[in-house]
1. Restricting the first residue to region 13-27 and requiring it to be modelled with pLDDT under 90, which pairs with a second residue that is among the acidic types (Asp, Glu) meet a Cβ separation below 6 Å and a spacing of at least six or different chains?
2. Please give the helices (runs of 4 or more DSSP H) falling wholly within region 1-116 in which 1 or more residues are hydrophobic (A, V, I, L, M, F, W, C) and touching a Gly at 6+ places or on another chain (Cβ under 6 Å).
3. Is there a residue in region 32-41 that is under 25 Å from the mean Cα position of the chain (by Cα) and more than 30 Å from LEU161 (Cα to Cα)?
4. Among the listed residues THR76, THR51, which satisfies the condition of being surrounded by 15 or more Cβ atoms within 10 Å (Cβ to Cβ), without any contact (Cβ under 8 Å) to a residue 40 or more places away in the chain, closer than 26 Å to SER96 by Cα and within 22 Å of the chain's Cα centre (by Cα)?
5. I want to confirm something. Restricting to region 79-102 and keeping residues that are free of Cβ contacts under 8 Å to residues at least 60 places away in the same chain and of a type in the set (A, V, I, L, M, F, W, C), which single residue is farthest from ILE137 (Cα to Cα)?
6. Determine, yes or no, whether ALA120 is under 15 Å from the mean Cα position of the chain (by Cα), loosely packed, with under 15 Cβ neighbours inside 10 Å, within 17 Å of ALA75 (Cα to Cα) and in contact (Cβ under 8 Å) with a residue 40 or more places away in the chain.
7. Identify, please: which residue in region 145-168 is out of contact with any helix residue (DSSP H, G or I) (no Cβ under 9 Å at 6 or more places or on another chain) and open to solvent by less than 70 Å² (accessible area, probe 1.4 Å) and is, among those, nearest to ALA75 (Cα to Cα)?
8. Just the residues that are open to solvent by 60 Å² or more (accessible area, probe 1.4 Å) and either in a strand (DSSP E or B) or at pLDDT below 95 (or both), please, taken from region 132-144.
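The values are calculated or read from the model by the stated rules, or taken from the named source; none is laboratory data. Quantities reported herein were computed from a predicted structural model and do not represent experimental measurements. Glycine also receives a Cβ, built like all others from the backbone with ideal geometry; neighbour counts cover every protein chain displayed. When the accessible area is computed, the model is the full protein with side chains, heavy atoms only, and any ligands, DNA or RNA have been set aside. Shrake-Rupley method; radii C 1.70, N 1.55, O 1.52, S 1.80 Å.
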Amino acid sequence: GKKVILDAMPPYRGGGEMIKEVTFEKTIYNDLPYKFEAGTPNIADVVAAQTAIEYVENLGKKAIADYEHELLGYATEALQSIGGLRIVGTAKEKVSVISFVLEGIHPQDIGVILDQQGIAVRTGHHCTQPLMKRLGIVGTSRASFAVYNTKEEIDKLVIGLERVKKMLN
């Protein structure tokens with residue numbers, strides 16, 4: 001923004017650093033850019049980012065990728081055992097994400113029922129409405145697997161999906 005316009009604008013948020021001086025008579029806002037930087041800087045996330053980087057470096061990127069690939073294979077096989085479930089997206093080389101549809105069941109219903117069982121999936125069109133239209137579906141349910149997931153959690157997903165089928169078919 002142009003300095004003359006920013007100087008004339010009032011702050012849009014209140015908090016530390018955006019005030020230069022406060023008296024009973026008036027408030028003087030700080031100089032730019034501090035005038036628009038209300039509150040305490042996000043220090044906690046910076047510290048957390050450092051810890052996350054150290055965690056990944058200690059495990060090793062290759063070990064993480066190998067484990068996530070192992071989970072993807074396990075989950076793919078497990079989900080294919082569910083009657084009426086179709087995996088959407090079967091590229092040979094892919095990240096540890098599986099999108100799927102359950103015949104006759106809306107993805108939103110799948111997500112709600114799994115959520116009630118403590119199982120988190122994403123549902124919807126995932127910002128790919130043209131693809132969903134091309135595939136002739138309203139959306140998918142999507143399970144993602146990462147280094148902190150386990151095969152036991154995948155087994156719980158399968159059990160959860162079987163419950164979804166029993167409830168809605």
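1. GLU17/GLU37
2. Result: 107-116.
3. Of region 32-41, the ones under 25 Å from the mean Cα position of the chain (by Cα) are 41.
When the remaining residues are screened for being more than 30 Å from LEU161 (Cα to Cα), the result is 41.
Checked against the condition, which is being under 25 Å from the mean Cα position of the chain (by Cα) and more than 30 Å from LEU161 (Cα to Cα), region 32-41 yields at least one hit.
4. Numbers: THR51 fails: surrounded by 15 or more Cβ atoms within 10 Å (Cβ to Cβ).
The conditions single out THR76.
5. Quick first cut of region 79-102, residues free of Cβ contacts under 8 Å to residues at least 60 places away in the same chain only: 80, 86-101.
Now narrow it down to the ones that are of a type in the set (A, V, I, L, M, F, W, C): 87-88, 91, 95, 97-98, 100-101.
Values: ILE87: 12, VAL88: 10, ALA91: 19, VAL95: 22, VAL97: 18, ILE98: 16, PHE100: 11, VAL101: 8 Å.
That would be VAL95.
6. Working: under 15 Å from the mean Cα position of the chain (by Cα): yes; loosely packed, with under 15 Cβ neighbours inside 10 Å: yes; within 17 Å of ALA75 (Cα to Cα): yes; in contact (Cβ under 8 Å) with a residue 40 or more places away in the chain: no.
In short, no.
7. Checking each candidate, the answer is GLU162.
8. ARG142, SER144 - these are the residues of region 132-144 that are open to solvent by 60 Å² or more (accessible area, probe 1.4 Å) and either in a strand (DSSP E or B) or at pLDDT below 95 (or both).
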